[in-house]
Amino acid sequence: MDEILKNYVLPDTFFPVKRLEKYIHLGSLHHFRKGDVLSFPGVEIERAIYVISGEVSVSLLSDDGRQKYIYTAHANGVLNRLFFRDRHPGLLVAEEDTQVCFFSKDQLAQIFENDRELIFDMMRNSESKVYYFMNQTKEMVFYSPTVRVLRLLRELCLSEGNLSDNVCIIRRSLSQKNISEITGVHPVTVCKVFGLLKKEMVAEKTRTEITVMDFDKLQNMIEEYR
């Protein structure tokens, strides 16, 4: 239960299914170069896709061609395309040179017969995604755009940052575009929030890290702009 209820702050791999790597000899191995499309929306593949190495992004496409980033799967991530068939809306793209393994329903059934614990790992992976996107929906319903950005910084401090003496360093390469996609906040608003944080000497961002100089003041700003 702890693995599921942990605070997944970024849409990245979620619960990694390491046990499945032992069974890739039973599936179908595929290599994709950076920029290759693994699956288009509406295309039937009826496979679970297991990432061995590399990075696969999942996005949604609108009818008029607009694209919305959803999450990324790195090594040991699972992208389930077993069901929904022609109605699946996801666009899957290799963001770097990537190796994956495709598993059919029958192949997974064979694996599960010999490794029942893997069933629960697959469920943990799915449940962690449900947890994350339910939390994202809550953020968008209950909090203003500014507060959503501030809350993301706070959660990153608590989950990944090195917090000491009210100062926190988050060593993550997160662009303002990334933060916009994750929080659902317009890029202009994200830029304004970081401008305010720098002016108030609360936080500043570089290409490779975010430094929160005053964690207590960050928390106070969340209450102030709520």
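Assorted remarks:
- Residue that is farthest from TYR71 (Cα to Cα), among those in segment 121-176 that are of a type in the set (Gly, Ala, Ser) and in contact with a strand residue (DSSP E or B) (Cβ under 8 Å, 6 or more places away or on another chain): GLY161
- Residue within segment 89-98 that is under 15 Å from SER126 (Cβ atoms), buried (at least 16 other Cβ atoms within 10 Å of the Cβ) and touching a residue at least 40 places away in the same chain (Cβ under 8 Å) present: yes
- Hits in segment 197-226 (condition: surrounded by 12 or more Cβ atoms within 10 Å (Cβ to Cβ) and within 14 Å of PRO145 (Cα to Cα)): MET221, ILE222, TYR225, ARG226
- Search result, residues across segment 3-37 that are modelled with pLDDT of 95 or more, crowded, with 18+ Cβ neighbours inside 10 Å and within 15 Å of VAL93 (Cα to Cα): PHE32
- Filter result for VAL188 (within 25 Å of the chain's Cα centre (by Cα), outside the structural domain of THR72 (by TED's automatic domain parsing), loosely packed, with under 12 Cβ neighbours inside 10 Å and under 26 Å from PHE133 (Cα atoms)): yes
- Cβ pairs under 9 Å, 6+ apart, first in segment 162-177 and over 18 Å from VAL202 (Cα atoms), second assigned to a loop (DSSP other than H, G, I, E, B) and among the hydroxyl-bearing types (Ser, Thr, Tyr): SER173/THR208
- Of all residues in segment 135-164, those satisfying the criterion of being of a type outside the set (Gly, Ala, Ser) and within 15 Å of MET213 (Cβ to Cβ) are LEU150, LEU153, ARG154, LEU156, CYS157, ASN162, LEU163.
- LEU163 vs. criteria crowded, with 19+ Cβ neighbours inside 10 Å and at negative phi: no
The values are calculated or read from the model by the stated rules, or taken from the named source; none is laboratory data. In this text, all values refer to a predicted model and were calculated from it rather than measured experimentally. Using ideal geometry, Cβ is built from the backbone for each residue, glycine included, and neighbour counts are taken over all protein chains shown.
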